[in-house]
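Heads up: the structure comes next, in structure tokens.
The values are calculated or read from the model by the stated rules, or taken from the named source; none is laboratory data. What you are looking at is a predicted structure, and each value in this text was computed from that prediction instead of being measured. Every residue, glycine as well, gets a Cβ built from its backbone with ideal geometry; the counts of neighbours run over all protein chains shown.
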Amino acid sequence: MATTLYRDTGYTLTHLIEDIKHGNIALPDIQRPFVWSAAKVRDLFDSMYRGYPVGTLMLWETGADVGIRQVGGGESDRVAKLLIVDGQQRLTSLFAVLTGRSVLTKSFDNKRIRIAFQPTDETFEVTDAAIERDPEFISDITVLWANGYKSTVRKFMARLGAGRNVEFGHAEQDRLEERIDRVRDLRDFRFQVIELNASADEEQVAEVFVRTNSKGVTLNQADFILTLMSVHWEEGRSQIEAFCRSAVDQSSGQPSPKNAFLNPRPDQILRASIGLAFRRGRLQHVYNILRGKDLETGDWSAERRIEQFDKLRKAQDEVLDLTNWHEYLKCLKHAGFRRGRMIASESAVIFTYVLWLIGKCDFGLDYKTLRRMIARWFFMAHTTGRYTSSPESQIEADLSRLNALTTGDAQGFCDELDRIVHSNFTRDYWEISLPNRLDTSGAKSPVLLAYWAALNLLDAEVLFSGLKIRELLDPNVTAPRSIERHHLFPKAFLATKNITLRSQVNAIANMAFVDWPENTTINVTSVVSLK
């Protein structure tokens, strides 16, 4: 009989909140920042109030020997007994509302979740300015779990009576107070909990998660590696998060990774570090490598774990170096790309960064040479969709080719990248494949974006204007209608040729950039706005 990896149990909401407060239950990095909308939090409270099922929570016993990040922010000195595997969004919502603490959103903002309750019709709403002024609502139910609860109820009753200009009878007052008490008593709501024991490894946890949860975000290897960093190198995980946060922070005024192409995620930065440290694109075995496992013998070693984390630490220093990051992004500009709208594959951006780092760190190439080589590589990889289908397998193959080279052989590195570029950009590609791929109206087509990049490199002018296309595609241009695309052959003319399908009328080859003021003089019905 197979060993059971879990036990069924149940916790009241108060028990869960207290364990989170005291660090007994912690949030691992296999979960993302808070992404629920306030409306989903409202619906959660409504379901609990009406006694509906709200799903099972899954917790994982861990042998973590350091503090884990707490729900709601902060660090605990205590060792967490349980990590949240499934139920992060629900528990974060409940913890935030019951305690009044802010949550960290996916854009790295701290935000308070405010939910209102209307006792007369027993409904929950997301608090806004109108609800705050409405005497029918308790505008922030957090007060129901704070000290002075009875005083809050009395004030609500007085405000409601004044708003209605009537005096409540005892029966009406008792009915409303009973409904408010039902909201307060949600602290005793009992959750069904699955506790996975400490013997479950990351693959088993992921499998259980997938089999029991059809709606959540599927766990992947990057998630577990970030969790492992929480245990053995918390500073490194924090550095990745700080880097990603700085990339979207508008207020610091300090040098940062902020750029025009993408807002990097922790898992993307982790992939870059692992690519440089271990020359691996697939993360399948990296978790065990970092735990100190010899993949050939199966032996485990603390010394080996320390050695592997040291490799990762050195690689991550290079990945997070702002000079490296921005010098690499110059390669994208050198390839004709100007902003995030021109990027169809973020994987191409990240994996090409790995090759840039290897070229600099392992083969000693200077910035100027790298800029020329990597710009060509990125243009090829992005245009052909090299890292779109099975990206891990493709970068693994590319890294394997580089592993065959002697470290420091700068010319060999350049020759190998050149060989791959030429093997993809063949005469048949330019004369057959590319024209066929241009026969589309897709606004995010990689070949369309390559065409725009080529226009930038050629310093092409906007139709009917002396302005350059690169000027209007500049990321600093934020005007709502700075540039549009216009039909070269009008719809009416094409209709006379029996060409009426939208995909043909709006085909890439039939669209040209037009400055918006110029376009106002042209028949507006033939315009397709640049989104």
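Out of the residues in region 407-441 that are at pLDDT 90 or above and part of a loop (DSSP other than H, G, I, E, B), which is farthest from H382 (Cα to Cα)?
Per the stated criteria, the residue is D409.
Which ones in region 152-171 are in a helix (DSSP H, G or I) and more than 19 Å from D134 (Cα to Cα)?
Once the filter is applied, which keeps residues that are in a helix (DSSP H, G or I) and more than 19 Å from D134 (Cα to Cα), region 152-171 yields H170, A171.
Does region 350-359 contain at least one residue that is closer than 25 Å to L283 by Cβ and not in a helix (DSSP H, G or I)?
no
Which of the residues that make up region 101-117 are out of contact with any Gly (no Cβ under 7 Å at 6 or more places or on another chain) and crowded, with 16+ Cβ neighbours inside 10 Å?
F108, I113, R114, I115, A116, F117
Scan K491, K444 and give me the residue that is at pLDDT below 85, surrounded by fewer than 16 Cβ atoms within 10 Å (Cβ to Cβ) and basic (K, R).
One residue alone meets the criteria, K444.
Looking only at region 131-148, decide whether some residue is touching a residue at least 60 places away in the same chain (Cβ under 8 Å) and either assigned by TED's automatic domain parsing to the domain that holds T92 or of a type in the set (A, V, I, L, M, F, W, C) (or both).
yes
May I ask you to say which residue of D310, D249 is over 18 Å from Y353 (Cβ atoms) and at pLDDT below 85?
From the options D310, D249, the qualifying one is D249.
In the set I269, I225, I289, which member is modelled with pLDDT of 90 or more, buried (at least 19 other Cβ atoms within 10 Å of the Cβ) and β-branched (V, I, T)?
Values: I225 fails: modelled with pLDDT of 90 or more; I289 fails: modelled with pLDDT of 90 or more.
That would be I269, the only listed residue that is modelled with pLDDT of 90 or more, buried (at least 19 other Cβ atoms within 10 Å of the Cβ) and β-branched (V, I, T).
Is it the case that some residue within region 466-486 is closer than 30 Å to K258 by Cβ, assigned to a helix (DSSP H, G or I) and at pLDDT 85 or above?
no
Residue check, S389 against (1) modelled with pLDDT under 95; (2) within 22 Å of S273 (Cβ to Cβ), all met but one. Which one?
(2)
I need the full set of residues from region 361-375 which are touching an Asp or Glu at 6+ places or on another chain (Cβ under 8 Å) and either assigned to a helix (DSSP H, G or I) or more than 17 Å from D398 (Cα to Cα) (or both), in order please.
Correct list: C361, Y367, L370, R371, M373.
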